[in-house]
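So the structure is just underneath, and the comments pick up after that.
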Amino acid sequence: MGSESEVISAFSQKEQTENRYQLLIDSVTDYAIFLLDETGHVATWNAGARRIKGYEQEEIIGKHFSSFYTPDAIARDYPAYELREAIACGRFEDEGWRVRKDGSVFWANVIITPVYNAARTLIGFSKVTRDLSERKKAEDDLYKAYEELKDSEERYRLLIEGVTDYAIFMLDPAGHVATWNAGARRIKGYEPHEIIGKYFAKFYSKDAVLSGYPEYELKEAKAKGRFEDEGWRYRKDGTPFWANVVITAIYNKENELLGFSKITRDLTEKKQLEEQLFRIHEDLKESEEKTRMLVESVRDYAIIMLNPDGLISSWNAGAERIKGYKAKEIMGKHFSAFYSREAVASGFPQFELQRALAVGRFEDEGWRIRKDGTAFWANVIITPIHNEDKRLLGFAKITRDLTERRRNEELMQKNMELVRINNDLDNFVYTASHDLKAPIANLEGLLTALQDDLGTAKDQFSGILGMMGGAISTLRRVITDLADVTRIQQDKDEVEKVELHDILAEVKDSLRDLIYATGAEIIVDTLEFESVKYSRKNLRSILYNLVSNALKYAHPERPPKITIRTRMAEAGEQVLSVADNGLGIPENQISKVFAMYKRVHDHVEGSGIGLYLVRKILDNSGDRITLESKEGVGSVFYVYFHQRHSATTRS
């Protein structure tokens, strides 16, 4: 068994100098990140391990890691099983109950990875534990995964080469493979000596290669900084797999293209949670300089550093995109520049830093201000950074723009409120129309009884009695109209094939007296289709209201002429038109005619609800109606039906 010092020295061969990235990782408090020797005894201990598990460093180093397991797990020798599985499979991941120093339990995600030296001799294990019982947002994975990384080039090499779930490799500027990790070997099937130096188009289909798609990917990555795609890729044996591919252009300080990092994930087997956890691993480069460029190129997150006083000391591309400041404009300024005047006046920025110091991190959502003065809804995480002597060096601050999500949530809430109000109105209308039927019937009976009681004297009260009867009839029509509105709102009639000639004959029969009285002529003109897949009852109601509307609003100087046509629209809709030569509608009133109880011509008898019912019927079925009208000339109503099935058309 190797000594504890051997394990630690194997993990720290090159650099002992502190730098910012090392401090970021050492200060992790949301992850327990530590090393075990090859027998499972604790060799290192970080701040996150101390916070999650409760042990101080001097209390736990040298103890067996089974101290974190329940008595039942220890009885089953489960800790030893985890180490065996990690050695056998190259990696072991588990979720289950773990035990803190005080005896309390927490639900943990655990990843154990065996670590080998250059001679492939096992020298220990890396162990990462997350307390999932307190996790609030999966987005923290980006920052947390970044904090897990060690800053030495050797550690990055061991990490990248040990990843088996992701193909992580480098391309030279011309697109030839320059490095190859274990994940690339597992996913794509090539050994390093078979693929290094070859053009990366070998992973694409023949069609993609002939169309120049690999070259297009590099061109897009060069132009935009990164390129992401999902599609079919091919292994060495010719089998396809659905892959997520991220290609990032890598530049040096002189802005010279060094090559590309290429990360491929086999999404046919990946789990969603692993995707977020390992994304940052995929983006890592093999050196400190490449890692720095990676962080600075992140555009979806504003990742910045503050000094202990809250002054900005680093600025990445995501911060520039989200907040609008160039690095030279904001470096050295206090981070309260991103807050409203009210927040600054109340001391909220300073409160954030104080809370981060007090509890180890601070998370908040609220309005922040861009350079141009516009506000955006932000998720903010602030983590204090300490050195080994626990001296505060500053704060790491990560900001995400959640404005679009907040807008969607607000719209959803408003929509839910509108649905509730609409349902309440429907219920009220239904109740009112139902409950008023009996009183109206009673009024009609009482009026009849009154007329009988008056006998011959009723003639002298005929005017009043007529007005009472008319009022009761009007009230009955209103209640009937309200009931129709409620019925349409809840109408679930089944669709059937309806012949237009048949339904029009029914409508003409119902309006026979009115047609005769007005001398109207109803013409069926060109019919490009003769049937519609629709609710028969609702189609009859549509035609009835449109035709009766044309009859009622006839021009006094000419008999009504109503023309019915059908045609197929360019968008594939079936269009039924009803044209008349009636009074017409003023242009400024056209938008109002489909509203409930809105009538343009008050001298004509009507309830003002017919066109409203037509529009509601069509809204419910996903169809629509439009109107063209000229005052004194006439109107044309166009009803657009989506083709639910193929229409019957004239040859």
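A few remarks follow.
- With R₀ fixed at 30 Å, the C-beta to C-beta distance from Asn307 to Ser346 puts the FRET efficiency at about 0.85.
- Charges were assigned to the Cβ only: +1 to each Lys and Arg, -1 to each Asp and Glu. The resulting dipole of region 21-111 about its Cα centre is roughly 140 debye.
- The label-point distance for Ala569 and Asp77, in a model that sets each label 7 Å from Cα toward Cβ, rounds to 7.5 nm.
- Listed pairs Lys592/Lys616; Lys127/Lys236; Lys222/Lys262; Lys188/Lys262; Lys219/Lys371 exceeding 24 Å between Cα atoms: Lys127/Lys236; Lys219/Lys371
- The slack between His176 and Ile590, meaning 0.36 nm per residue of separation minus the straight C-alpha distance, is 142.4 nm.
None of the figures in this text is laboratory data; all of them are computed from the coordinates on show. Keep in mind that what you see is a predicted model, and the values were worked out from it rather than measured. Methodologically, a virtual Cβ is constructed for each residue, glycine included, from the backbone with ideal geometry; neighbour enumeration extends over all protein chains shown.
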